[in-house]
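Okay, structure first, notes after.
Read the figures in this text as sums done on the coordinates, not as results from a lab. A quick note: this is a predicted structure, and the numbers were derived from the prediction, not measured. Positions of Cβ are backbone-derived with ideal geometry, glycine not excepted, and every protein chain shown enters the neighbour counts.
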Amino acid sequence: MNSLVEVKNITKIYGMEAATVKALRGVSLNVKHGDFIAIMGASGSGKSTLLNIIGCLDRSTTGDVLIEGKNTNILTDSQLAEIRNEKMGFVFQNFNLLHHLNALENVETPMIYAKKKRNERLERAKMLLERVGLADRMKHLPTQMSGGERQRIAIARALANSPELLIADEPTGNLDSKTGEEILDFFVLLKNEGLTIILVTHEENIAAYADKIFHMKDGLIVDEEG
Amino acid sequence: MFVETFKIAVKSLIANKLRSFLSILGIVIGIAAVIIVISIGEGTSYNIKESIRSLGTNLILVAPGKIGGKAGVRYVSLSDLFTEKDGEKILNSSDAIINVSPVIQKNLLVEYRRNNVDSQVVGAYANYEDILNVKLDEGRFLIPSDENYKRRVAVIGNEVAENLFPYEDSIGKTIVINTAVSRQVFKIIGVMTPKGRALFQNLDNMIIVPFSTAQTRLFHSKYVQLFAVQAKSTADTKRAIDAIDRVMFAKYKDVDKYKITSQEELLSTMSETSRTLTIMLAGIAAISLLVGGIGIMNIMLVSVAERTREIGIRKAIGAKRRDITTQFLLESILLTSLGGIIGVLLGIIGATTISNIGGWKTLITPWSVAIAFSFSILIGLFFGIYPAHKAASLDPIEALRYE
């Protein structure tokens, strides 16, 4: 089976000349379709940088990232935006919802950028919100909702364009442990339906939900479990 | 896609109602000022045109010019030059000319019993009625036989009638016109309808008498001061002027000796002047639009900075640069065109108020509204480009991290 994501010896260096910070020092990684992997590490280990580069939000300084065999280095910003829109779904620690839009509109937004028709958008957004258990709260603003509910909107939004890859950066970081577990259980459910998931966390018990765990330290993958 | 972006823009403007309103105030005031200034200018220009028109229709004046002023020859304004014969020649020179009247005029003291007034006494033919487009309140105008018999009859302006006959009817009464050497008695046969002041002449303070009577009894002159010529139509004015010029040049052999002025010429000069003034004033008002535009740019930059995180989120879920640019450009255009609409309405209200209260004539032309409104859209576009570009260029990672 082909790899969904192939990371080949990438480095990421921030800053110029003397004041450089090496966030990644040569990381290689392979994510196959249907994998549920976790990347663990202390803060500053480079795990978020790696995730951003895999998520096409950022570019590596050297080395290649291949998404379904396509080298992202040779893609334009607008092609990267398309990949983010169609192939990726993001779930962030602080939810990153558009606070002046209601739940339904938030879930619709990625489909607007994908130029989907209004009816199709509404139908799918409603379906997704029902799936995450927010059927009765579609017209509510994120500010009127709890953290768990907000994260569920974010997951519905991430799934809007039926992505290949779900990227979750500390998705339970701002949630209590019970709500966090619910979210992770839902991830497992999605994984069982064939979705590929990359999860970044610094907590062992959360990483334990994944099939494979990569440990990072000082910009390098130092250990691999599972 | 455009509809969606438009909706997004509308939503974020509604989310910041007060700020949106404050930021368009500059545009509103600027557009209103432009509309008001132009409407006053157009009103004034309309008034000038009307007052020139009231002098008569398709009027051409032929006056003596000057000699000398060059090459050491003394400058002399000519008078005692034209004769009634010249008038006949002018009338016969072209079919574009339908009426010619010689004119001789002077300010003289006029009396009726104990009342007296200084008014402009004009000697002219009976056809002066058509040439000057005279309307009468009472009585009749001069007729050709008045001219032929050198009758001592007079048609007086409304102001003259009010001054000399404050409490009684003037028709049939005799007035005394004082010249330097004699007192001449005239019978009043008509009173003209008020016309108001047209340019340098007060038509209501005129007394019109037969030309022949004026020549012999009042001015003791056998010459003509000027000719009032009426062209057949506005379109014929040019042809009429050419014909007059040929007649006059044939006789006087010197273009400086006579001067031909047409009402159309005067009209175009005056309206050009007033238009230049209007455009200048509107330009000054437009500077406030520029200031308003800078205000818009400022508020859009603030908005971009405040919404850095939103931009980051949108980029993360797949917005391209173009999507972000369009969103912010639409927002600023929406803002300024909203300001434009409010400004136009306010301008129309303002102009109407000015003409109702201040008594100034204002005229709102469709072109001024169209220009003002499209200008407001242009301002939104122009001053929105930089903030929109700035928003679209944000790095998604940096933008997402922004607190």
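Miscellaneous remarks
- The mean sequence distance of close C-alpha pairs (under 8 Å, at least 6 residues apart), as a share of the length of chain A, puts its relative contact order at 30 percent.
- The range A:164-226 shape via C-alpha gyration tensor axes, a/c threshold 1.5: oblate
- Compared with the dominant Cα axis of chain A, that is its longest principal axis, helix A:103-113 is turned about 60°.
- Computed on chain B, the Cα convex hull volume stands at 215 Å³ per residue.
- Other-chain or far-sequence residues with amide H under 5 Å of A:VAL91's (modelled H): A:ILE167, A:ALA168, A:ASP169
- Listed peptides B:339-349, A:129-139 appear in the order B:339-349, A:129-139 once ranked by packing, highest mean of other Cβ atoms within 10 Å at the front.
- Close Lys pairs in the range B:63-137 (alpha-carbon distance under 26 Å; sequence gap of 8 or more, or different chains): 6.
- Counting only alpha carbon atoms, the long axis of helix A:77-86 and the longest principal axis of chain A meet at about 50°.
- Cβ crowding within 10 Å averaged over residues, with B:257-267, B:153-163, A:96-106 ranked highest first: B:153-163, A:96-106, B:257-267
- Among beta bridges that DSSP assigns inside the protein assembly as shown, antiparallel share in %, nearest 5: 70 percent
- Shielding by partners - mean other protein chain Cβ count within 10 Å, residues of A:94-103: 4
- Centre separation in Å (Cα based) which lies between the range A:82-113 and the range B:27-93: 72 Å
- Karplus 3J(HN,Hα) series, Hz, for the range B:342-357 with 6.51 cos²θ - 1.76 cosθ + 1.60 (x for Gly, Pro): 4, x, 5, 4, 4, x, 5, 4, x, 5, 5, 4, 4, 6, 6, 8
- Gyration tensor (alpha-carbon) shape descriptor, the protein assembly as shown, a/c threshold 1.5: prolate
- With Cα atoms, 0 to 90° folded angle of helix A:177-192 axis to chain A main axis: 80 degrees
- Normalised by the number of residues in chain B, the average gap of Cα pairs under 8 Å and 6 or more apart makes the relative contact order 29 percent.
- Computed magnitude of the charge dipole of the range B:102-226 (debye, nearest 20; Cβ of K, R +1, Cβ of D, E -1): 480 debye
- Remark: the Cα gyration tensor places the range B:102-226 in the rounded category, a/c being less than 1.5.
- Legend: calculated FRET efficiency, B:THR352 to B:LEU22, from the Cβ-Cβ distance at R0 = 41 Å, rounded to 0.05, equals 0.95.
- In this calculation the C-beta distance from A:LYS70 to B:SER374 is compared with R0 = 41 Å, giving a FRET efficiency of 0.35.
- Mean per-residue shielding of peptide A:76-87 is 4, counting Cβ atoms of other chains within 10 Å of each Cβ.
- Peptides ranked, highest mean first, by Cβ atoms within 10 Å: ranges A:166-174, A:11-19, B:272-280: A:166-174, B:272-280, A:11-19
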